[in-house]
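A.B. asks: Can you read through this structure? Questions will come right after.
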Amino acid sequence: VQLQASGGGLVQPGGSLRLSCKASGIRFSDYTMKWYRQAPGKQRELVATIGSDHNTAYTDAAEGRFTISRDNVRRTVYLQMNSLKPEDTAVYFCNVRYSNRHIWGRGTLVTVSS
């Protein structure tokens with residue numbers, strides 16, 4: 001099972017980015033997918049979740065600004081991030097729980113700075 005995240009970069013406050021995470025080695029449509037982030041010096045935290053039924057959930061930090069979605073044909077989960085703030089600066093990771101293990105993709109760095 002592999003997860004490959006991409007789409008990070010440098011963006012000004014108030015800007016937008018869309019992260020992508022492509023999965024391989026699993027029947028993607030069957031699994032709940034999550035985005036986490038880890039800011040410098042902080043613990044990794046959950047950002048958003050999308051179930052196999054496409055139901056979504058967000059933490060307070062993401063609610064109203066971020067949108068998680070999935071394309072089961074492309075086996076890809078997305079995180080659209082709008083109105084970015086400097087405190088959104090972090091490495092973003094996608095995650096799936098597979099066979100009672102957490103599978104992590106290589107993170108993608110998002111830097112929000114003027």
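A.B. asks: Could you grab me the full set of residues in the range 18-35 that are open to solvent by less than 30 Å² (accessible area, probe 1.4 Å) and closer than 21 Å to P86 by Cβ? Show your work before the answer.
C.D. replies: Going through the range 18-35, the residues open to solvent by less than 30 Å² (accessible area, probe 1.4 Å) turn out to be 19-21, 23, 26, 28, 33, 35.
Hits for the range 18-35 are L19, W35.
A.B. asks: Of the residues in the range 36-74, how many are in a loop (DSSP other than H, G, I, E, B) and open to solvent by less than 70 Å² (accessible area, probe 1.4 Å)? Spell out how you get there, then give the answer.
C.D. replies: Step one: list which residues in the range 36-74 are in a loop (DSSP other than H, G, I, E, B), which gives 39-44, 51-55, 59-65, 72-74.
From what is left, the residues that are open to solvent by less than 70 Å² (accessible area, probe 1.4 Å) are 39, 51-52, 59, 61-62, 65, 72.
Residues that pass the stated criteria total 8.
A.B. asks: Restrict the check to the range 58-72 and report whether at least one residue is at positive phi and either modelled with pLDDT of 95 or more or touching a His at 6+ places or on another chain (Cβ under 7 Å) (or both).
C.D. replies: So the first thing to find is which residues in the range 58-72 are at positive phi, and the list is 64.
Now drop any that are not either modelled with pLDDT of 95 or more or touching a His at 6+ places or on another chain (Cβ under 7 Å) (or both), which leaves none.
Among the residues of the range 58-72, not one is at positive phi and either modelled with pLDDT of 95 or more or touching a His at 6+ places or on another chain (Cβ under 7 Å) (or both), which makes the answer no.
A.B. asks: Follow-up. Would you confirm whether any residue within the range 79-100 is modelled with pLDDT under 95, out of contact with any Ser or Thr (no Cβ under 7 Å at 6 or more places or on another chain) and in a strand (DSSP E or B)?
C.D. replies: yes
A.B. asks: Name the residue that is nearest to L109 (Cα to Cα), counting only residues in the range 23-64 that are in contact (Cβ under 8 Å) with a residue 40 or more places away in the chain and small (G, A, S).
C.D. replies: Checked the range 23-64; the qualifying residue nearest to L109 (Cα to Cα) is A39.
A.B. asks: Quick one: L109 ticks every box in (1) under 15 Å from G7 (Cβ atoms); (2) open to solvent by less than 50 Å² (accessible area, probe 1.4 Å); (3) in contact (Cβ under 8 Å) with a residue 60 or more places away in the chain except a single one, so which number is it?
C.D. replies: (2)
A.B. asks: Scanning the range 76-88 for residues that are crowded, with 18+ Cβ neighbours inside 10 Å and farther than 10 Å from A5 by Cα, which turns out farthest from the chain's Cα centre (by Cα)? Outline the logic, then answer.
C.D. replies: First, the residues of the range 76-88 that are crowded, with 18+ Cβ neighbours inside 10 Å: 76-79, 81, 84, 88.
Adding the requirement that they be farther than 10 Å from A5 by Cα leaves 79, 81, 84, 88.
Working: L79: 5, M81: 9, L84: 14, D88: 12 Å.
Top of the filtered list is L84.
The values are calculated or read from the model by the stated rules, or taken from the named source; none is laboratory data. In this text, all values refer to a predicted model and were calculated from it rather than measured experimentally. Neighbour counts run over all protein chains shown; Cβ positions are idealised from the backbone, glycine included. Only protein heavy atoms, including side chains, enter the accessible area calculation; ligands, DNA and RNA are left aside. Shrake-Rupley method; radii C 1.70, N 1.55, O 1.52, S 1.80 Å.
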